[in-house]
Amino acid sequence: MTLPLTIGKTRHLQQCATPRGALAVLALDHRNNLRQLLNPDAPGEVSSDELVAFKGSLVHSLAPVSSAVLLDPEFSAAQCITLGKLPGATGLVIALEASGYAGESTARKSRVASNWSVEKAKRMGASAIKLLVYYHPDSTMAKDMELLVQEVARDTTTHDIPLFLEILTYSVDPVNKKLSPAERRRVVIEAARRLTPLGADILKVEFPLDVAAEPNERTWLEACTELSQASFIPWVLLSASVNYETFLRQVIAACTAGASGVAVGRAVWRETTDLAASERQAFLDGTARQRMQRVTALVEALARPWTDFYIPTPISPDWFVRY
């Protein structure tokens, strides 16, 4: 199935992709959980300036070998532009949601960050918007999250900017805090089936299996194929907390099964949070940059281009009259 795509969304997705149409996004929109990584014993003592400096150093080293970067509005998006850390040729995806969730852990509610909006992100130069929703199809909050996706999708359509929809699943069982391996596959795929027709343009999603519980990579491929069939739009794989080598194996399975790329964070740069500032830059310019280059090359070779899903709006000489 191919879907019509407006001129603005087409141009912005071109900015976020490799020449072949794969998405190799460096994910660095972490906020409270990054404080926890930088100072596990006292995350509240990590200052805003430290977050800005940390993120700036990562973007400076890794953005040139990424097709786009995913940043947050508080500590990185505007700062990386004004400080010259973000290359002009690299796409900029900006998170819309507030950090964390409201409500109970078994009924999680995502919300837009206070005093932040699609319009503001577009005005300051974003190539795309990212909305994270916590979702379980059996949750009492499921309908609310579906309505939030629809609302934000309408807003991105108004401003003609793509929407990356990130889905994080969770357990609704107050006793079992983690989804079982079988339920994880069902929930991830059903979430894609329910949410991707609601107006987003790219899906950002977890690997549909618990690879620690399922080592058979043929089963990985089958689950990723099922996810591709369930998603109404192109999807990219997030790295969650897996290590780099495991993530590469996941990327191969996902892209072979139809994924359009990745949005990779800690799998590439996690060790930097344990290093002193004097050692951090050497790691970023060496190991982390090599990792990101390898991921980008892998998705460029294997991923299904996002352009397979969309056809641009036909353009007549007077298109701008109605735009």
*Single condition SER61 does not satisfy, out of (1) more than 20 Å from SER114 (Cα to Cα); (2) modelled with pLDDT under 95; (3) assigned to a helix (DSSP H, G or I)*: (2)
_Scan of the range 183-202 for residues that are within 25 Å of THR10 (Cβ to Cβ) and either among the hydroxyl-bearing types (Ser, Thr, Tyr) or under 17 Å from the mean Cα position of the chain (by Cα) (or both), ordered by number_ = ALA192, LEU195, THR196, GLY199, ALA200, ASP201, ILE202
_Residues satisfying the stated conditions in the range 171-182, i.e. surrounded by 15 or more Cβ atoms within 10 Å (Cβ to Cβ) and either among the hydrophobic types (A, V, I, L, M, F, W, C) or modelled with pLDDT under 95 (or both)_ = VAL172, LEU179
*Within the range 19-47, track down each residue that is outside any strand (DSSP E or B), at pLDDT 95 or above and closer than 19 Å to SER61 by Cβ.*
ASP29
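Go through THR296, THR273, THR256 for me and flag whichever is surrounded by fewer than 21 Cβ atoms within 10 Å (Cβ to Cβ), hydroxyl-bearing (Ser, Thr, Tyr) and modelled with pLDDT of 95 or more.
Details: THR296 fails: surrounded by fewer than 21 Cβ atoms within 10 Å (Cβ to Cβ); THR273 fails: modelled with pLDDT of 95 or more.
Only one candidate qualifies: THR256.
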*Taking the range 135-166, which residues are over 25 Å from SER105 (Cβ atoms) and in contact with a helix residue (DSSP H, G or I) (Cβ under 8 Å, 6 or more places away or on another chain)?*
ALA153, ASP155, THR156, THR158, HIS159, ASP160, ILE161, PRO162, LEU163
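Restricting to the range 299-320, and then to whatever is out of contact with any Gly (no Cβ under 8 Å at 6 or more places or on another chain) and modelled with pLDDT of 95 or more, can you tell me which residue is surrounded by the fewest Cβ atoms within 10 Å (Cβ to Cβ)? Lay out the reasoning, then the answer.
The initial filter retains those residues of the range 299-320 that are out of contact with any Gly (no Cβ under 8 Å at 6 or more places or on another chain), namely 300-302, 309-320.
The next check asks that each one be modelled with pLDDT of 95 or more; those that pass are 300-302, 309-310.
Working: GLU300: 20, ALA301: 12, LEU302: 17, PHE309: 20, TYR310: 20.
Here the answer is ALA301.
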_helices (runs of 4 or more DSSP H) enclosed by the range 236-313 - at least 2 residues per element that are of a type outside the set (D, E, K, R) and closer than 16 Å to TRP220 by Cβ_ = 244-256, 289-302
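Quick test for you: out of GLU74, GLU50, pick the one residue that is surrounded by fewer than 24 Cβ atoms within 10 Å (Cβ to Cβ) and assigned to a loop (DSSP other than H, G, I, E, B).
Values: GLU50 fails: assigned to a loop (DSSP other than H, G, I, E, B).
When all the criteria are applied, what remains is GLU74.
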*So which residues in the range 110-148 are surrounded by fewer than 18 Cβ atoms within 10 Å (Cβ to Cβ) and part of a strand (DSSP E or B)?*
VAL112
*Between residues in the range 150-161 that are more than 13 Å from ILE7 (Cβ to Cβ) and residues that are of a type in the set (Asp, Glu) and outside any helix (DSSP H, G or I), which pairs lie under 8 Å by C-beta distance while being six or more apart or on different chains?*
THR156/ASP201
*Could you count how many residues in the range 194-221 are surrounded by fewer than 18 Cβ atoms within 10 Å (Cβ to Cβ) and touching a Leu at 6+ places or on another chain (Cβ under 9 Å)?*
2
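The values are calculated or read from the model by the stated rules, or taken from the named source; none is laboratory data. These numbers come from a predicted model, not from an experiment. Every residue, glycine as well, gets a Cβ built from its backbone with ideal geometry; the counts of neighbours run over all protein chains shown.
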